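**Student:** Pasting a structure here, questions to come.
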Amino acid sequence: MKKLGFLFLIISSTLFGQNNVKVDLSSPNSTIYTHLYFLQPDSYEPEKAAATIYGYKGKKAEDIAIKLKKILDGKGLRVDFTKVPTNKMYSDTVNYKIGHKYVLFPYQMPDIYVEKIGKNWYYSSETISKVDKLYNEVFPWYTEKLQNVIPKFGHYFFFKIELWQYLGLVVLLIISVFLFYVLRKIVFYSLKKFQFWIIHKSNDSINNALKKLTRPIVLLLISWVIIKLLPSLQLNLDVNTFLFLAINIMITVFWIYVFLKLVQVVMSIYADFAASTHNKLDDQLVPILHNFLTGVVIFLGILKLLTLFGVEPTAVIAGASIGGIAVALASQDTVKNLIGTIMIFVDKPFHIGDWIEAGEVVGTVETVGFRSTTVRASDTSVYQIPNSTLSEMVVNNKGLRTYRRYTTNLGLRYDTPPELIEAFVVGLRKIIELHPATRNDAFNVEFIGFGDSALLILVNLYFIALDWNKEQASKHSLHISILKLAKELGVEFAFPSSTIMIEQFPDKNSLNPKYNINKSSIDKIINNIKKQE
């Protein structure tokens, strides 16, 4: 008996509480609650809900109030009264709206809002003037006619959904499947035409990317059709809220997929362009840009998904900004390296494959990444230089040289006759002129002075080959030619030495070499110098 009495008390309290709900227009919260409460099935009093409509009375005001609720229900928009302000003098200071206004759903339905008129809050005159237009946009023209042709048994409920609504969902599914197969060919053909119109060429990589891009675009189009047709089934608010949330999540995921595939298509086109250029640095930019754009798409997609679950977009943006600042402060070196990477790609101080000198590091540039640049030295060791450091260093890019300069001094013995020195210089000049890897219009071969142990011959020239390996091979062939010339002329190279003059002993031969300074012999040797193959 005690339990029955307690149950009776609860039921009585509930009924009493319901009967005590009165029309209250003192704040945005009370006005919206009055409107929606008196249009619920268990508390249906449209004449009281019509009190929230300013400037209209009677049947007209009731029709407007009913249509407003149907619009919200049809879009699956549930009012969270914990977020609706109860302040009688509420003013929107965030969006800087003039006057005392409150928009129920500023992003989904910005035209529906309440405003303070006199001492009370009502649905705005702008909202009332647009009710019919909004109603026609939400519900297709055949919605009312559809209700008239449904037999009585079609209105039986099963899990809050009527039988005819189940049938409507099945029909909507069949239409979606049909549209998928039809639109897939149309969209792919349109993308192919658009892509060919832009770059006038195609390949397997781009075609595969376009095929993957076609499916999410088709699904987005079908989702748009479903959103347009779904309100015509007039499902209750709970079902609509669930379905629209699911559809909006699917649409967001589809958009993420579309932009990811769009990034792939753009990067495929850019990769083809980069491969056709002489500069190899833009080839290295392809994976960096791909990873960066992919990260941006995923990040923005996650922010959009958060807004679908009730998080305010302003709060999401503010959180992202604060989080970005926190991440930036916590990883200053990473941010500096990223900025250094951008500066390297903008300024292009070197290309992939260039031989550079950067501080103590000398070698060939192999890769340029988000954080660092890889340089391989001549001994095959690898250096990882942070891009922030590299962007601030003095970089000597020997890969941009027009020619490779080569300078050396050849030391001849002090007892070399002047005639042979002159012949040796003339022979060196001819060797350089005929060498295939040297500039024959810019070189110097001169007798420049007297060293401690040798007569100095300056050899200054430029190799045409910019590759380091080819330069060494060119030096090799040049040095061999010089040694052959010296051997044929009988010229000897000096080395650090000291000469002690002593009185010669009887029957002892001099250690000084015997030079052949016959002019005809010298001319014959010079004339025999030929161009190397």
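**Student:** So which residues in the range 401-423 are part of a strand (DSSP E or B) and surrounded by 16 or more Cβ atoms within 10 Å (Cβ to Cβ), if there are any at all?
**Tutor:** Within the range 401-423, Arg404, Tyr406, Leu410, Gly411, Leu412 meet the criteria.
**Student:** Does Ile150 satisfy being in the same structural domain as Pro216 (by TED's automatic domain parsing) and on the phi < 0 side of the Ramachandran plot?
**Tutor:** no
**Student:** While we're on this one: For Ala65, indicate whether it is under 51 Å from the mean Cα position of the chain (by Cα), of a type in the set (A, V, I, L, M, F, W, C) and either at pLDDT 90 or above or under 18 Å from Ile117 (Cα atoms) (or both).
**Tutor:** Yes; evaluated as a whole, the condition is true for this residue.
**Student:** For the structure I just gave you, tell me whether Leu245 is buried (at least 17 other Cβ atoms within 10 Å of the Cβ), at pLDDT 80 or above and in contact with a helix residue (DSSP H, G or I) (Cβ under 7 Å, 6 or more places away or on another chain).
**Tutor:** no
**Student:** Tell me which of these Ile117 doesn't satisfy, since it passes every other one: (1) free of Cβ contacts under 8 Å to residues at least 24 places away in the same chain; (2) within 23 Å of Leu72 (Cβ to Cβ); (3) outside the structural domain of Asn207 (by TED's automatic domain parsing).
**Tutor:** With respect to (1) free of Cβ contacts under 8 Å to residues at least 24 places away in the same chain; (2) within 23 Å of Leu72 (Cβ to Cβ); (3) outside the structural domain of Asn207 (by TED's automatic domain parsing), Ile117 is out only on (1).
**Student:** Considering each of Tyr96, Tyr122 in turn, give the residue that is outside any helix (DSSP H, G or I), over 23 Å from Leu308 (Cα atoms) and at pLDDT 90 or above.
**Tutor:** None of the other options fit; the residue is Tyr122.
**Student:** For Tyr257, indicate whether it is touching a Pro at 6+ places or on another chain (Cβ under 6 Å) and either assigned to a helix (DSSP H, G or I) or at positive phi (or both).
**Tutor:** yes
**Student:** Being within 30 Å of Trp355 (Cβ to Cβ), free of Cβ contacts under 8 Å to residues at least 40 places away in the same chain and of a type in the set (D, E, K, R) is true for just one of Arg404, Arg439. Which residue is that?
**Tutor:** Arg439
**Student:** Only one of Gln234, Gln195 is more than 28 Å from the chain's Cα centre (by Cα) and touching a residue at least 24 places away in the same chain (Cβ under 8 Å); which?
**Tutor:** Gln234
**Student:** Anything in the range 371-400 that is surrounded by 14 or more Cβ atoms within 10 Å (Cβ to Cβ) and either part of a loop (DSSP other than H, G, I, E, B) or on the phi > 0 side of the Ramachandran plot (or both)? List them, or say none.
**Tutor:** Across the range 371-400, the qualifying residues are Arg371, Met393.
**Student:** Show the residue pairs that are 6+ apart or on different chains and have beta-carbon atoms under 9 Å apart, the first residue being within the range 459-471 and in a loop (DSSP other than H, G, I, E, B), the second being modelled with pLDDT of 80 or more and among the polar types (S, T, N, Q).
**Tutor:** Ile464/Thr438; Ile464/Ser474; Ala465/Ser474
**Student:** Just one of (1) in the same structural domain as Val263 (by TED's automatic domain parsing); (2) exposed (fewer than 12 other Cβ atoms within 10 Å of the Cβ); (3) at pLDDT 75 or above trips up Lys133, so point out which.
**Tutor:** (1) is the only condition that Lys133 fails.
**Student:** Hey, does the range 74-89 have a residue that's assigned by TED's automatic domain parsing to the domain that holds Ser129, farther than 19 Å from Glu126 by Cβ and surrounded by 21 or more Cβ atoms within 10 Å (Cβ to Cβ)?
**Tutor:** Yes, the range 74-89 has at least one match.
**Student:** Does the range 205-214 include one or more residues that are of a type in the set (S, T, N, Q), surrounded by 16 or more Cβ atoms within 10 Å (Cβ to Cβ) and modelled with pLDDT of 80 or more?
**Tutor:** yes
**Student:** Given the criteria modelled with pLDDT under 80 and part of a helix (DSSP H, G or I), does Trp224 qualify?
**Tutor:** Criteria not met by Trp224.
The values are calculated or read from the model by the stated rules, or taken from the named source; none is laboratory data. Just so you know, these numbers come straight off a predicted model, no measurement behind them. Heads up, the Cβs are rebuilt from the backbone with ideal geometry, glycines too, and the neighbour counts pull from every protein chain shown.
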